[in-house]
1. Quick check on region 177-198: of everything there that is part of a loop (DSSP other than H, G, I, E, B) and within 16 Å of ligand 1 (Cβ to nearest atom), which residue is farthest from residue 320 (Cα to Cα)?
2. Might you let me know whether region 341-354 holds any residue that is closer than 30 Å to residue 161 by Cα and in a loop (DSSP other than H, G, I, E, B)?
3. Among the residues of region 201-208, is there at least one that is within 16 Å of ligand 1 (Cβ to nearest atom), surrounded by fewer than 22 Cβ atoms within 10 Å (Cβ to Cβ), without any contact (Cβ under 8 Å) to a residue 24 or more places away in the chain and not in a strand (DSSP E or B)?
4. Please state which one of 64, 69 is over 21 Å from residue 237 (Cβ atoms) and surrounded by 21 or more Cβ atoms within 10 Å (Cβ to Cβ).
5. Out of 133, 114, 173, 215, which single residue is modelled with pLDDT of 95 or more and either out of contact with any strand residue (DSSP E or B) (no Cβ under 8 Å at 6 or more places or on another chain) or within 16 Å of ligand 1 (Cβ to nearest atom) (or both)?
6. For the subset of region 286-304 comprising residues that are under 25 Å from residue 157 (Cα atoms) and at pLDDT 95 or above, which member is farthest from ligand 1 (Cβ to nearest atom)?
7. Looking at region 252-273, is at least one residue at pLDDT 90 or above, over 30 Å from residue 41 (Cβ atoms) and within 16 Å of ligand 1 (Cβ to nearest atom)?
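The values are calculated or read from the model by the stated rules, or taken from the named source; none is laboratory data. Note that the structure is predicted; figures quoted are calculated from it, not measured. Ideal geometry is used to build each Cβ from the backbone, glycine not excepted, and the neighbour counts take in all protein chains shown.
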Ligand SMILES: Nc1ncnc2c1ncn2[C@@H]1O[C@H](COP(=O)(O)OP(=O)(O)OP(=O)(O)O)[C@@H](O)[C@H]1O
Ligand SMILES: [Mg+2]
């Protein structure tokens, strides 16, 4: 059991005591790192995780009591055991007050020490199990949840498997609903930190003024309302992973602080002076066009480079149309099982409707569409049970218009300029058709071409008029 634990930090200025404690603990398979002074002890605590500290009360320089006072504030999750030669009830109380969980007067029998240590080990294991159970219940991320059989999804899963076990910082860029959160979760679940805490913060959901204190904590009185000291979420994530979602929405001053944090894991709480340090793996995601945000001076370029050690770019659903039906059936089965409906299938019309949609809201939009259809249907799901996609398309219309001005389609090396332009043209016409309910007249108007020219282009680009309506269809 003890092999899976982080080491014990032992602080004693007497060499013989260090050696004898070390051998006692090593006999029970505990890993021990020993130092001579409280100052060195503080340094070590800042550098890595320990499951407990054993310190002598009387040390040269900073005393054991002072050490406990500081350590229990900075590392409240690491229990400490104090050993002293001058045992009095008063000193025992002082040790406990300073933050020791236990107190051992010298001389003591090896069993007494081992008993105290095993209690701390048990506590540590329980905390860990609790974390990991909580995660399994609430998050339960895994690679199997990432559905998709097109090559870009295979590559994505492969990259997750390669990068997860490393401590590399990861940046996930992709449109809303493309699965960024799933990727971040899978990266943690497959990492060596899987049993440690996974903290997710949505930077866009927390008011700017509170985000810094949420991330890095604050000291008592740091601002109105800071009634007591609060540890930051980065401290909670110590040893584990922190996922900063919607990082493109973080304010520039906080970006500077995050940059420093990324250098070496060091930070100060809001209103505090003390430099703290944790060992956290950082994953960040945004659906903003990050290059645009840098050009607008809203995102620091140096932070982008720091975060961008490994980059994931889940493709929009419209670029992996082969996955639409696979995902649709996956969600169909999931929701049908949840709602205890058997024998649900997609009709041909529904299949066609799903295939021809542009999916501006990506997989999330598809998932919601199927959930709704499963609720509404018995037996076969018809086109009527699917939403009116025009609304979704219009909702995302603004974003599309912007991207129409500045195309950001990835440039595939093996495509010619003509092929790229055709692909782009096809996207514009398809989305405009959807927005106009396949009315040729309205679409032609919107795109400022004649009906004839639009028909010609549709033929050339192999675009079907999905509604099957005549030229004036939809213009009723
Ligand atoms: N490849 C996939 N396989 C299965 N489910 C997926 C896949 N991609 C996304 N989903 C599902 O779609 C929904 C949206 O995914 P997710 O929350 O990860 O998107 P996101 O990229 O973080 O979006 P946003 O930018 O809006 O936060 C979730 O319910 C997720 O489970
Ligand atoms: Mg998300």
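1. Of the residues in region 177-198, the ones part of a loop (DSSP other than H, G, I, E, B) are 177-179, 190-197.
Subset that is within 16 Å of ligand 1 (Cβ to nearest atom): 177-179, 190.
On the way: 177: 14, 178: 11, 179: 13, 190: 25 Å.
Among them, the one singled out is 190.
2. Taking region 341-354 first, the residues closer than 30 Å to residue 161 by Cα are none.
No, region 341-354 has no match at all.
3. Start the filter on region 201-208 by keeping residues that are within 16 Å of ligand 1 (Cβ to nearest atom), which leaves 201-206.
Filter once more, so that each one left must be surrounded by fewer than 22 Cβ atoms within 10 Å (Cβ to Cβ): 201-202, 204-206.
From what's left, without any contact (Cβ under 8 Å) to a residue 24 or more places away in the chain: 206.
Among the residues that remain, those that are also not in a strand (DSSP E or B) are: 206.
Yes, region 201-208 contains a residue that is within 16 Å of ligand 1 (Cβ to nearest atom), surrounded by fewer than 22 Cβ atoms within 10 Å (Cβ to Cβ), without any contact (Cβ under 8 Å) to a residue 24 or more places away in the chain and not in a strand (DSSP E or B).
4. Numbers: 69 fails: surrounded by 21 or more Cβ atoms within 10 Å (Cβ to Cβ).
Within the list 64, 69, the selection yields 64.
5. Details: 133 fails: modelled with pLDDT of 95 or more; 114 fails: modelled with pLDDT of 95 or more; 215 fails: either out of contact with any strand residue (DSSP E or B) (no Cβ under 8 Å at 6 or more places or on another chain) or within 16 Å of ligand 1 (Cβ to nearest atom) (or both).
Every option except 173 fails the conditions.
6. Per the stated criteria, the residue is 304.
7. no
A quick yes/no check of all residues on (1) touching a residue at least 40 places away in the same chain (Cβ under 8 Å); (2) under 21 Å from residue 286 (Cβ atoms); (3) not assigned by TED's automatic domain parsing to the domain that holds residue 175:
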{"residue": "306", "(1), (2), (3)": "yes, yes, no"}
{"residue": "326", "(1), (2), (3)": "yes, no, yes"}
{"residue": "332", "(1), (2), (3)": "yes, no, yes"}
{"residue": "343", "(1), (2), (3)": "no, no, yes"}
{"residue": "348", "(1), (2), (3)": "no, no, yes"}
{"residue": "352", "(1), (2), (3)": "yes, no, yes"}
